[in-house]
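FYI, it's all coordinate maths here, none of it is from the lab. What you see is a predicted model, and the numbers here were worked out from it, not measured in a lab. Cβ atoms come from the backbone with ideal geometry, glycine included; neighbour counts cover every protein chain shown.
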Amino acid sequence: MRMPRTLGAVLAAVVMFTAALAGAGSAVAGPQSAPRIVGGTQSVEKYSFMASIQRKSEGRDHWCGGALVDPIWVVTTAHCLQGDLDAYTVRVGSNDRTAGGEYRRVVEMIAHPNWDGLHGDIAMLRLERAVTAAPVAIAKSSPIYGDPIRLLGWGKTCNTYECSWEYPKLLREIDRDVAFDNECSRATIDGRTELCVDVTSKATSCYGDSGGPAVERMLAGGWGLVGLDGRGGDSVCGERGLIYTDVTAYQDWIRSTVA
């Protein structure tokens, strides 16, 4: 199976992950999904917090995106948690998903308790030891209609499930705006915990971008994390809406997990 990406109307079987250490949470696998940036550009800026989540079963190839929110914790989407804990590693702090940055094993995976295969699509990965890369701050409030955000990922540069599964080696990005929720109605959006992103089939994230961050410029400088790539309303990326998990809605849960 290739990278996860939730296809709006499709729900998958539930798989529970047993954490490596006592007190660990369980992770639930969701619909098939996958990472992607279609119509974007190669990133020039360095994003210290950007994480490539990789799986041994995929030849240590890129599986999902994520964002470093603490020296030992990466946040991603729950539907990216598929398979054994031992299969997962993370490369953080490099625009090249195959080299550089810091490389760590994942020792614990925790899906949000509200994850039902569609909504509540957020999870935390604990690394075997801390990294030196700088984490990203979570934005204090949710972005609103028209706010510009940047989508980051190593996903497909073509927009269908059938097209080439060759992911770019170097990180790509695209700037889009937050859309009204009704533009994502086909993908069954929950406006309390999810963001609708204004995309087209020629300018969108796609298969392989799952779990990857959406960030916004902060007034004080730098980037603030606002979203995680979740799902679309069609198998063609960018058609019928693109939904990101609103990370700001889960700040308390993230803080309690990291503590």
Query raised in the report: Can you sort MET109, MET50 by how many other beta carbons sit within 10 Å, fewest first?
Result: MET109, MET50
Query raised in the report: ASP86 versus PHE180, label points 7 Å from Cα toward the beta carbon: distance in nm?
Result: 5.3 nm
Report summary line: For the pair ALA130 and ASP96, the simple spin-label estimate (label points 7 Å beyond Cα toward Cβ) gives in nm 2.8 nm
Query raised in the report: Kirkwood-based Rg over Rh for the stretch 84-142 (C-alpha set), two decimals?
Result: 1.02
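Where does each of TRP223, TRP154 land when they are ranked from fewest to most other beta-carbon atoms within 10 angstrom?
Result, fewest neighbours first: TRP223, TRP154.
Expressed in nm to one decimal, what extension gain is obtained for the pair TRP253 and ASN114 from 0.36 nm per residue of sequence separation less their Cα-Cα distance? Working shown, then result.
Values: separation 139, 0.36 × 139 = 50.04 nm, distance 1.10 nm.
Additional length available on full extension: 48.9 nm.
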Query raised in the report: What ³J(HN,Hα) values, in whole Hz, does the Karplus curve 6.51 cos²θ - 1.76 cosθ + 1.60 give for the stretch 169-175 when θ = phi - 60°, with x put for Gly and Pro?
Result: 6, 9, 4, 10, 8, 8, 9
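Neighbouring Cβ atoms within 10 Å as the yardstick, rank ASP175, ASP96, ASP181 fewest first. Don't skip to the end; give the middle numbers.
Details: ASP175 11, ASP96 14, ASP181 17.
Sorted ascending by nearby Cβ count, the order is ASP175, ASP96, ASP181.
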Query raised in the report: Can you work out the base-10 log of I(q)/I(0) for the stretch 70-195 at q = 0.17, 0.20 1/Å, using the Debye formula on its C-alpha atoms alone?
Result: -1.25, -1.54
Report task. Apply 1/(1 + (r/R0)^6) to the Cβ-Cβ distance of VAL44 and ALA220, taking R0 = 25 Å, and write down the FRET efficiency to the nearest 0.05. Result -> 0.70
